[in-house]
Every structure is written in structure tokens, then in C-alpha cells.
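Report on the following structure.
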Amino acid sequence: MASKQPILDYTDRSERDSGSDDARDAEYMRRALTLAQQGWGQTAPNPMVGAVVVSGDTVVGEGYHARYGEPHAEVVALKAAGERTRGATMYVTLEPCNHFGKTPPCTEAILAARIKRVVIAAADPTALAGGGARHLTDFGIEVDFGVEEAAALELNAPFFFAATNPPRPWVTLKLALSANDKMNDPSGERRWITNELSRQEVHRIRANVDAIAVGIGTVRADDPLLTARGVIRPRVEPLRVIFDRNAETPPDAKVVTTARETPTMIFAHHPTVQRLAALHNANVDVYEAEDLSAALRALRDFGVDHLLVEGGARVAREFLRQGLVDRLIIFRSPITLGPDGLSPFEGLPDAVNQAMTSARVVRRAEFGEDVMTDYALGEV
């Protein structure tokens, strides 16, 4: 069951002391953005959406898209407002849909409720669902766009990115690093670099992605399960992806022995017939890909819009070197490891290091003594 706690409370940044119309619009939209996040891990392939209905200076209804296939945020908010919708203003984080899908068009519900004005953070980029604003204006409803647009785009970045028909998924690279940029402790004394709180946050992040990827080195060294096991359980368990050029993933690895419960995919290049047979018998799908770009194209074709890459150093370095990372999340521990530890940044071109140095910070948070920083290496 999804947590009801917001991931980011946008209302903390409100300008409620200001009496301007723009400030009020921004405040109500930030509330809608906070509500939207309650759908974390439950709405894909739909985006997370929040809505607030305001009559005068009073919030009379709120809602969010709780789960794929269930009512959209606008309908939930209108139902909560009841008869108080006539002449009210609706704030919604994404342009209301204008088509019949799993649910009827939200535009028709808004028209039936006699809403006077609709404030939208971001336009719907899809050809199927877009056009809602135009439909509303055709029936005399005042529509305003762009309030807190940057925050709305960031909240559903993989959704907006996918709408541009890219040849790959939106990629988030997650790294756990020591204070001196090492990813592992060769001495074997430390299995974990970061603390329990940081690992809980990683499970929360996993719950909102379509696939989780590592290299064969991580499988051998850590034998990870690569599932989302936090407070928020995803509606659909993320696909597990292993980059394993020679299909050498051990048959007793957890990703293999649990493949009948959680879908697992290996990308290899010219694997032997014997290894293919053993993996297929364990219900692991093996696909041939000559390079990383080919693997990412295949994942996009399989419907993966958001890929979380968790390492190790070689895989991380290659994603960074090829400019395939859109968001770089670093969990930095205060501990220092020896010089023999692996670093994902060694040998990268100067241009890549400069891009990381100048990247916009999307979010920064503390988890005990660990510090998490989310960098924007690509934009929506």
C-alpha cells in the first residue's frame, strides 16, 4: 500500500504572505504537486497528477491519481468538492485529458461541474490525451498555463521524456559513495557504504521506476535481489536488467533463482548455447545487444520509460561517458575508504566531469550522516 506522506512538500515554499493573484495560484498549485506525489509507484504508465478546487479563498476539494486505471485527480477533487464546484477554480498539475481511456475524459467532468477557471502547471505532451485545454476554452472556461511548470515537469520527467519518442528510456544513475568517491571496500570490512536510512530511500526510488539495472560485476560481488522492498510497494515490480556481455550470471544468483517471481532480463553479446539454455530454463530472458545503446533501444521498445542504473563502477562510468544519464543521484557517506576502492569517475573525459560539476541540483536531503544529492545532467 502506498505511503500517504509526500516525498517533497511543495507548500513549504509557498508565498502565502503575499496577496497577489500569482502568489495564490502558485500556492494552490504547490499543494496540487504535493498531492500528486501520493501516487508514487502506483500510476505508471500514467503520470502522477494532483488537483485542488478552490471557491473564493477556500479549498473545497482535493484529489490525486491514486492508481493506474482508477479515477484521475480532477474527478476525485470534483467529487470531494460536491456542489461547491460551480464558479470555482481548479488547479491541476497536468492538462486534463480529453479522451476515453481507462476512465472518461476529465474535461467533461470539469464542464459538468461548472468550473469557471482551470489553472494548469504543464501541458499534456501526448497526442492521445492532449487538447483538453482547447476543449475547455471552447466552452467558455478560462484556462491558464505554466504555474509551477518546472516542478510539474520534474515530478513526471520520464513521462514527458517518453512523449518525445526518444531511442532510450529516461535514465537515473544512483551511486553510493564514500567521502573520497569510492564505491566499494576491497578489504571486505564494509558491505554497505551508506546507512539504513539511505537504503530505505533507495527502495522508495525503486518503487517508481520501470526497471533496475546493474552489471555482472555487481551480481557477482553483491548478489543483489534488485526489488523494491520499502514502505511503498510498486503496483508493478520493476524489471531487473543485467548487463552481462558473455551471459556469465551464476545460476545460483538471486536474480536467477527468483526470476519466476520477478521478471529478469540479461543483455549479452554472442552468448554460448549452453549458457542461454540454463538461463532460459530459469525463466531469465536473454537478448543479444552489441552495445549499451542497442540494449537501451530494446528496453524502450519493451515499454521501459524509466531505468534506474545502480552500478557498479564500470557500468556507471560507461553511462556517464556516453552521455546517457539524465539524473545522477549520489548518496555520500562520511566514511573514507582505502585507495584501492573503485571510483565511477576515473578516466572520464573532462567534458563529462565539467558537466557534473556545473549540473543543476534537483534535490538535496540528509539521511542521518549521509547526504543525498540529485543532479540534472539532462533536461525534459
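The values are calculated or read from the model by the stated rules, or taken from the named source; none is laboratory data. Remember, predicted model here, so these are calculated numbers, not experimental data. A quick note on method: Cβ atoms are made from the backbone with ideal geometry, for glycine too, and the neighbour counts reach across all protein chains shown. In case anyone asks, the SASA skips ligands and DNA or RNA and just uses the protein heavy atoms, side chains included. Shrake-Rupley method; radii C 1.70, N 1.55, O 1.52, S 1.80 Å.
Residues Asp374, Asp340: which one is in a strand (DSSP E or B), acidic (Asp, Glu) and either touching a Lys or Arg at 6+ places or on another chain (Cβ under 9 Å) or at positive phi (or both)?
Among Asp374, Asp340, only Asp374 is in a strand (DSSP E or B), acidic (Asp, Glu) and either touching a Lys or Arg at 6+ places or on another chain (Cβ under 9 Å) or at positive phi (or both).
Restricting to the stretch 225-259, give me the number of residues that are of a type in the set (A, V, I, L, M) and either without any contact (Cβ under 8 Å) to a residue 60 or more places away in the chain or open to solvent by 80 Å² or more (accessible area, probe 1.4 Å) (or both).
Of the residues in that region, 9 qualify.
Take the residues in the stretch 5-21 that are in a loop (DSSP other than H, G, I, E, B), over 19 Å from Asp305 (Cβ atoms) and in contact with a helix residue (DSSP H, G or I) (Cβ under 6 Å, 6 or more places away or on another chain), then tell me which one is modelled with the highest pLDDT.
Per the criteria, the residue is Asp9.
Go through the stretch 22-52 and give me each residue that's within 30 Å of Asp305 (Cβ to Cβ) and either part of a strand (DSSP E or B) or of a type in the set (Gly, Ala, Ser) (or both).
Ala26, Ala32, Ala36, Gly39, Gly41, Ala44, Gly50, Ala51, Val52 - these are the residues of the stretch 22-52 that are within 30 Å of Asp305 (Cβ to Cβ) and either part of a strand (DSSP E or B) or of a type in the set (Gly, Ala, Ser) (or both).
Which pairs turn up if I take residues in the stretch 194-222 that are under 24 Å from Ala365 (Cα atoms) and look for partners that are of a type in the set (Phe, Trp, Tyr) and open to solvent by less than 20 Å² (accessible area, probe 1.4 Å) with beta carbon separation below 6 Å, at least 6 apart in sequence or on another chain?
These pairs meet every condition: Thr194/Phe331; Ser198/Phe331.
Could you say which residue among Phe367, Phe331 is open to solvent by less than 20 Å² (accessible area, probe 1.4 Å) and within 21 Å of the chain's Cα centre (by Cα)?
Answer to the check: Phe331.
Quick check on the stretch 64-81. Is at least one of its residues in a helix (DSSP H, G or I), modelled with pLDDT of 95 or more, under 25 Å from the mean Cα position of the chain (by Cα) and closer than 19 Å to Glu142 by Cβ?
yes
If the requirement is being under 23 Å from Arg297 (Cβ atoms), of a type in the set (S, T, N, Q) and open to solvent by less than 50 Å² (accessible area, probe 1.4 Å), which of these qualifies: Thr194, Thr218?
Thr218
Under the condition of being in contact with a strand residue (DSSP E or B) (Cβ under 9 Å, 6 or more places away or on another chain) and basic (Lys, Arg), which residue from the stretch 308-328 is least open to solvent (accessible area, probe 1.4 Å)?
Arg327
I'm checking my understanding of the structure. Among residues of the stretch 217-263 that are under 22 Å from the mean Cα position of the chain (by Cα) and among the charged types (D, E, K, R), which one is nearest to His280 (Cα to Cα)?
Only one residue fits best here, namely Arg240.
List the number of the failed condition for Thr85; all other conditions in (1) within 19 Å of Thr126 (Cα to Cα); (2) open to solvent by less than 50 Å² (accessible area, probe 1.4 Å); (3) not basic (Lys, Arg) hold.
(1)
Name the residue that is surrounded by the fewest Cβ atoms within 10 Å (Cβ to Cβ), counting only residues in the stretch 282-295 that are within 19 Å of Thr249 (Cβ to Cβ) and touching a residue at least 40 places away in the same chain (Cβ under 8 Å).
Once the filter is applied, the top-ranked residue is Leu292.
Could you grab the pairs with beta carbons closer than 8 Å, sequence gap of 6+ or different chains, first residue in the stretch 155-167 and over 15 Å from Leu94 (Cβ atoms), second one among the hydrophobic types (A, V, I, L, M, F, W, C)?
Pro167/Leu296
Residues that are modelled with pLDDT under 95 and touching a Cys at 6+ places or on another chain (Cβ under 7 Å): does the stretch 22-33 have at least one?
No: zero hits.
So which strands (runs of 3 or more DSSP E) are wholly in the stretch 225-335 and hold at least 1 residues that are of a type in the set (S, T, N, Q) and closer than 23 Å to Gln42 by Cα?
Passing ranges, in order: 264-268.
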